[in-house]
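Here the structure comes first, spelled out in structure tokens, and everything after it is commentary.
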Amino acid sequence: MKVGIFLTCQYPPGSDMIAALEAQYAMTRLARDRGWDAVATGQHYLSEGVRQVQLVPFLARLAAEAGEMTGISGVLLTTLHNPVEVAEHIASLDAIWRGNFVFGVGLGYRDVEFDAFGVPRGHRVRRFEQCLEVVKRLWTEDNVSFENDICKLANVTMTSRPVQQPHPPIWFAANNDRAVKRAARLGDSWFVNPHATIPEITRQLVLYRAELARLGKPFPRVLPYAREIYCAKDKRTALEMAGPYLAEKYRTYATWGQDEVLPGEDSFSQPFESLLRDRFVIGSPEECYEQLRPCWEEAGANFLMFRTHWSGMPLGHALASMRLISDELLLALRRITPTPA
């Protein structure tokens with residue numbers, strides 16, 4: 001089992017972003033020094049309610065702190081970008097991370113972002129798939145020609161190609177059932193989200209496996225599973241230290257419409273006690289281990305990505321959780337050898 005730290009670098013409006021970035025570097029160094037395997041960050045634009053630095057420069061800067069850890073874009077909203085820009089940026093990051101990089105991609109879900117980048121309804125999935133198609137062609141072909149409504153290429157060659165051949169692993173973020181099937185069809189793995197409940201993810205994994213079988217593709221060698229987690233001496237302490245910030249994070253998600261792209265009737269507009277059930281990992285190291293158990297026993301996950309810091313949380317809270325995860329939970333997780341179904 002591998003374990004990574006997921007850094008959003010999201011802070012309340014008016015925050016000192018220089019100090020905020022120093023906190024993110026401190027978390028990265030702790031993960032590096034305690035033997036974590038990876039560091040990831042995500043992307044949003046026009047993020048109402050939070051301040052956040054952008055993914056590409058942030059990941060380039062994190063490489064200087066990360067040592068031998070893997071860098072992960074978790075995820076780049078490829079629908080919003082020109083494929084040449086995406087191909088060049090990710091190839092550059094792959095070189096900066098010395099060929100130890102994962103390209104996580106996502107369609108996105110916020111209208112404000114689609115509107116800002118001129119992506120109309122009815123074109124979003126097509127734009128997403130075409131972008132990835134062109135990116136992979138630019139990485140693997142010497143002369144590429146292509147034209148759509150945002151890009152015209154006439155026998156062009158990439159300025160920079162990835163260190164990894166033919167390209168970095170591509171992990172697909174997916175929330176609804178159609179997106180999960182798309183991840184099976186086009187991705188190297190499904191990057192399992194931290195937003196849905198474990199029973200819902202377990203149901204979707206049946207769809208994912210069935211779609212892989214229909215396509216004649218094997219189950220991925222790496223299945224990453226993201227979880228919101230806070231580890232303390234006991235559950236009461238964990239809830240006191242993390243609950244207010246995690247609850248506020250999901251109130252923000254509700255205003256963004258994150259729960260609207262989840263399957264079924266799931267809603268983030270519910271009491272926190274109900275929201276955390278089967279969704280968040282909160283408690284002592286032993287309690288966290290038991291709450292995580294379905295990730296490998298039912299899902300076959302072998303790469304856990306932990307987010308343990310949310311907008312407004314003091315750095316000391318996050319570091320305390322990371323230290324306890326490192327000293328107690330990580331040792332138990334290392335002994336696990338998941339067997340994908």
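Bear in mind that the values in this text are calculations on the coordinates, not laboratory data. Everything numeric in this text was worked out from a predicted model, so none of it was measured. Please note: Cβ atoms are built from the backbone with ideal geometry, for glycine as well, and neighbour counts cover all protein chains shown.
With the simple model of a label 7 Å out from the Cα in the direction of the Cβ, E141 to T237 spans 5.8 nm. Peptide packing for 97-107, 156-166 was compared via the average number of neighbouring C-beta atoms within 10 Å per residue; ordered from the highest value, the list is 97-107, 156-166. Taking Cα centre as origin and charging only the Cβ of basic (Lys, Arg, +1) and acidic (Asp, Glu, -1) residues, the dipole magnitude of region 37-137 rounds to 240 debye.
Here the extension length gained between D33 and Y45 equals 1.2 nm, from 0.36 nm per residue of separation less the Cα-Cα distance.
Using just the alpha carbons, could you tell me how many Å³ per residue the convex hull of region 235-341 encloses?
So the per-residue hull volume is 113 Å³.
If R0 is taken as 51 Å, the Cβ-Cβ distance between S160 and E260 corresponds to a FRET efficiency of 0.85. When +1 charges are put on Lys and Arg Cβ atoms and -1 charges on Asp and Glu Cβ atoms, the dipole computed for region 2-334 relative to its Cα centre reaches about 560 debye. Over all pairs of different C-alpha atoms, region 224-288 has a mean inverse distance whose reciprocal, the Kirkwood radius, equals 12.5 Å.
Here the Gaussian network model covers the chain, with springs between Cα atoms less than 10 Å apart; of C288, C131, C151, C151 fluctuates the most.
Given a cut-off of 30 Å, name the pairs among K136/K217; K181/K249; K217/K249; K2/K136; K136/K249; K181/K233 whose C-alpha atoms lie farther apart than that in the structure shown. From K136/K217; K181/K249; K217/K249; K2/K136; K136/K249; K181/K233, over 30 Å: K217/K249; K136/K249; K181/K233.
Note on E298 and E129: their simple-model spin labels are 3.1 nm apart, each label 7 Å out from Cα toward Cβ.
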